[in-house]
Amino acid sequence: MIYVYGFTDPPGVTDHVLFPDAANPAHMTGIDDAPLAALNYGDVSAIISPTQSQRIATVDKNLWRHEEVLERLCSDRAVLPARFGTVLRDEQELRDVIAANERSFVANLARVRGKVELSARVLWDEERPAVVEQASSSGMSGQAYMLARLKEERELRAWRARAQALVDWIDAELAPLCSEHTQKILTSPRMLLTAAYLVERAQVQRFHDRLAVLATGNPVMSSSTPDATGAGLRFMCTGPWPPYSFVDVNVSLPDRPAKSETL
């Protein structure tokens, strides 16, 4: 059986050596210290290592090794990350997977080539309006309860509108520095924004610099622009990462269920 880390360009598309010689101190191995290898098929290369188990334990050392291999690949080439725990029966099954999905793999490699993922989270200090208790438990009359609910709904709409205005401001500043991005707004009352940005490697420092400006509420901004400090915003950025949020690698075969993939 073979473990699949991801898919990348075959030799010739990149001039970089895939992995250094074993004598090199930086030599990297895969899960369970298995040797890494590349299986080339058509216009795609799969990064793999042998395994004796169809189910890879979801423990820190395995998760980190999977991530380390992908980060190493992402440092100088396009890479499509496979989900952690992807195990196939043999090399022939892997060739069949690539043959069935080659067009998609090639298109997505072109899409992410030269780019990395940066993840941003923005915390917001403004609390969500309090929820009005039921009339039966709060001692309110029916009329008083309905008036309180209407007031709550107005405050909630205004709170969401303020949140959207802040997100629009952040988006206007960061979107021009990326080719694609994803957003989730108010996934929790204090989590204003969770976002991922697909950024050219050459733009990574500029992206970080722009984010730093937003975090300090730069006084050069116009009076109509929200002030990050005044709004109680805290910015966190991680990466660069492989483009996890922008590709969904399919290792199933058209006429066979995806039972070989351990999620």
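Below are the figures for this structure:
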{"item": "Hits in segment 34-52 (condition: out of contact with any Ser or Thr (no Cβ under 9 Å at 6 or more places or on another chain) and more than 14 Å from residue 7 (Cβ to Cβ))", "result": "50, 51, 52"}
{"item": "Selection from segment 27-70 of residues that are of a type in the set (A, V, I, L, M) and closer than 20 Å to residue 109 by Cβ", "result": "36, 37, 38, 39, 44, 46, 47, 48, 69, 70"}
{"item": "Per-region count, segment 46-92, residues within 22 Å of the chain's Cα centre (by Cα), hydroxyl-bearing (Ser, Thr, Tyr) and over 11 Å from residue 242 (Cβ atoms)", "result": "2"}
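Bear in mind that the values in this text are calculations on the coordinates, not laboratory data. Because the structure is predicted, anything quoted here is derived from the model rather than measured. Cβ: placed from backbone, ideal geometry, glycine included. Neighbour counts: every protein chain shown.
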